[in-house]
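Accompanying notes for the structure given below.
FYI, it's all coordinate maths here, none of it is from the lab. Quick caveat, the model's predicted, so the values are computed rather than measured. Note: ideal-geometry Cβ built from the backbone for every residue, glycine included; neighbour counts use all protein chains shown.
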Amino acid sequence: MTFTTSWRARIFEEAELLPTDLISDLSIGEVSVLYEYTHAIADADARKTNGQFFTPDDVASFMAGFADRFPRGRWLDPCAGIGNLSWHLIASQEDPEEFLLERMLLSDTDELALLVARALLTAAFQRRHLNLFHEIEENFVVFDFLSVSDSGTSKIGALAAIPSHDFVIVNPPYLATKGRDSRFETAESSDLYAYFLENVIKTSRGFISVTPQSFTNAKKFMGLRSLLLRSYSNLEILCFDNIPGNLFRGVKFGSRNSNTANSIRAAITVALPQPGVPSITSLMRWKGTERQRLFAEVERFKSHVPLTAEFFPKVSTVFEDLYRWTVELPRLGSLCQRTETEFPLHVPSAPRYFIPALKSPVARSSQRTLYFPNSAARDRAYLLINSSLMYWWWRVRDGGMTLSQETLLSMPLPDFAVRDDLVTRLELSEETNKVYKLNAGVSQENVKHSPELIADLNAHIVPIHAAPLLLTHLNSEFAQFEYLGRADDAASSARSAIVANGAS
């Protein structure tokens, strides 16, 4: 939809003046819901194709709060929509009206959304400038952020077409494309949000973004991870699971999927221009009642484990020393054989709160089978995979919908003896602790070992970390809160050394 200058000039003059202000008591996020809903109803196909979803008010406010860590500069919201991210960024400033006038740019391909944003931001922040709506017109730019790039087949310098700015706050579209776009260095990802972040990184001194957390581990995002690491040393990544609480609470308007919940596992990334060291949290779980606490205390879970192009390990400060210890350990794959043997283990590949290894397969559609050269190697893996260490490693290395073969085989392998009594207890548990869950109307069989058995496995394999590891199976990261203080004390000297040396 394109509006002529004369049409834009008349759009409000010709509008009927209602006796009641219907949106005066709504937040910018609630207005965004209304806009998204009406847009989806008008053109569901376009809504689905764009892959964009509004940012909830509390998420937008939380993100905007990081802006005070940046030096003074001009901010761009390149996927502005009707401006809910921008609204919270502006509202957080000492002089919101002056910030809107002098230091805020909004761009989008949706010209109507930008016009609505301009009206809403004027109404919210106009104080001294009586002609503010017209004074800020040039701050709202209809522009396709992905129409330019500086890689592949594009012309060098094409990124100069992006509106001039210092910093970016962004919630880009989350949409996998059918093929690679060779214009981008991150083409292997075939995902719009990676292309957006590439252009943000290459044109900005720093940024605040909310995206899927898949870039932390998926192989196809290795190019994006490399670009992030070589562009920013002061990088903070806060990772969020989607159960039981969900960062993007609400529904996906315009979705034809029977599941209308927005179930993105999200990450908020803060890339500062100042020197620093990278930090990252675990894949945070929280209950709905803990949502406010999540935003207040999530940064307490940050660790300073090494981030590499291979993957960004999602580790909290509780387990930072555990992770550093596992880096040099051999891997589970060293026990396995590629060819079929008479010593298999079967591992259901759709984890939620537990991951078992079983000597007998279960009746389900998805499970992985590992083969071992002898019973001793199999039983060692049997104890290891059924401990909390495997579940913790999956959440560090992946944490998505399934347990990949790569994550399974890369599991750290501590040095421990095989205890026959624990093997026997696991074998008995396979028979007595079967559980069932319906998936698309089909019953999926699994085995859920008792917490007591898992606790004993933990105590045998990783005794120092046995107790906090058991808590990783719970539905809230705050269950580990008592261990944060101890971890902070233990790691403080090491972190000081890291900062002093400028290395991770």
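Brief remarks follow.
- P(r) of region 75-222 over all Cα-Cα pairs, binned every 5 Å from zero, in whole percent: 2, 10, 19, 21, 18, 13, 8, 6, 3, 1, 0
- For region 96-173, alpha-carbon Rg and Dmax in angstrom: 14.5, 48
- With only Cα atoms counted, region 330-468 has Rg and Dmax values of 14.0, 42 Å.
- In this rough spin-label picture, where each label sits 7 Å from Cα along the Cβ direction, the Glu427-Ser147 distance is 6.9 nm.
- Distance between region 63-140 and region 326-388 - C-alpha centres, whole angstrom: 53 Å
- Compactness index (Cα Rg / 2.2 N^0.38 Å), region 407-465: 1.40
- Full-extension gain in nm, Asp21 to Glu310, via 0.36 nm per residue minus C-alpha separation: 98.8 nm
- For region 24-315, the convex hull spanned by the alpha carbon atoms encloses 133 Å³ per residue.
- Considering region 361-401 at the alpha-carbon level, its Rg and Dmax are found to be 12.1, 32 Å.
- Region 24-315: relative contact order in percent, alpha carbon pairs under 8 Å with at least 6 residues between: 16 percent
- Take each peptide in 280-287, 436-443, count the other Cβ atoms within 10 Å of every residue, and average; sorted highest first, the result is 280-287, 436-443.
- Linear extension gain, Val442 paired with Arg324, 0.36 nm per residue minus alpha-carbon span: 38.4 nm
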